[in-house]
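Every read-out reported here was derived from the displayed coordinates using simple, explicitly stated rules and does not represent laboratory data. All figures in this text were calculated on a predicted structure; none of them were measured in a lab. No Cβ is skipped: glycine too gets one built from the backbone with ideal geometry, and neighbour counts run over all protein chains shown.
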């Protein structure tokens, strides 16, 4: 067995033993099922693990991750995750969490080609184009980069609001809340962008379902 893989297996065994010391019945309870209150839509970046940075245990957060935490209306994988989380697990909150220093967002700011990834990153370029006046007025490249990270999260919150079955939940009286956060790699803190929504009122009329 390669040493890198052995290290992961050994780490798992150590983690299991530490959990059992704290809660001897943890894994028995975990086996019975999951009832998380949260769906986390985050970046695939290895530095942004949902449960660790929120200090929560397995079973607390249902997770979907992709490059640059995008909510794309044609992504059946994401839509299936969101549908299951909302309809079956009955989560109360959906969190879109981006992070400063995101490689996907940085790629969208330039003109280099990354082959097939270009097609995914183009969704972030659309965000840039939507907000080009604001972003163009920011002289510092690093500040402009950070602001695009934030705007990308805001747009994904809006994209979730446009999903038909999300609006169906709201129409039925479910106060499902969608939140936008950014994780700061340099200090480990989460920044709430204060863009939370629990209804489709602020959407343009064309995106609203009867």
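Tell me what the chain gives for mean residue ellipticity at 222 nm when only DSSP H runs of n ≥ 4 count, each as -39,500 (n - 2.57), the sum divided by the residue total, rounded to 500 deg cm²/dmol.
-13000 deg cm²/dmol
Would you mind ranking 71, 82 by Cβ crowding within 10 Å, fewest neighbours first?
82, 71
Order by neighbour count: 183, 128, 84, fewest other Cβ atoms within 10 Å first, most last.
If I rank by nearby Cβ atoms, fewest first, I get 84, 128, 183.
Could you work out the relative contact order of the chain, using alpha carbon pairs under 8 angstrom and six or more residues apart, expressed as a whole percent?
Relative contact order comes out at 19 percent.
Which of (1) 1, 6, 13, 17, 17, 15, 13, 8, 5, 3, 1, 0; (2) 1, 6, 10, 11, 13, 14, 14, 12, 10, 6, 2, 1, 0, 0; (3) 1, 7, 13, 15, 15, 11, 8, 7, 7, 6, 4, 2, 1, 0 is the computed P(r) over Cα pairs in 5 Å bins from 0, in percent for the structure on display?
(1)
For the residues 25, 131, 99, what sequence is obtained by ranking on other C-beta atoms within 10 Å, fewest first?
Ordered from fewest to most neighbouring Cβ atoms within 10 Å, 25, 131, 99 come out as 25, 131, 99.
What FRET efficiency, computed as 1/(1 + (r/R0)^6) with R0 = 22 Å and r the Cβ-Cβ distance, is obtained for residue 191 and residue 141, rounded to the nearest 0.05?
In this case the efficiency is close to 0.65.
Give me the angle, in degrees from 0 to 90, between the Cα long axis of helix 141-161 and the longest principal axis of the Cα atoms of the chain, rounded to the nearest 10.
So the inclination is approximately 80 degrees.
Can you tell me how much longer the chain between residue 25 and residue 117 gets when fully stretched, taken as 0.36 nm per residue apart minus their C-alpha distance, in nm with one decimal?
28.8 nm
Computed over the Cα atoms of the stretch 1-117, what is the convex hull's projected area averaged over all directions, in nm²?
Mean orientational projected area (the stretch 1-117, Cα hull): 10.3 nm².
Once R0 is set to 30 Å, what does the formula 1/(1 + (r/R0)^6) return for the Cβ-Cβ distance between residue 92 and residue 10, expressed as a FRET efficiency to the nearest 0.05?
Efficiency at R0 = 30 Å is approximately 0.25.
So how much slack lies between residue 209 and residue 129, counting 0.36 nm per residue of separation and subtracting their Cα-Cα distance, in nm?
26.2 nm
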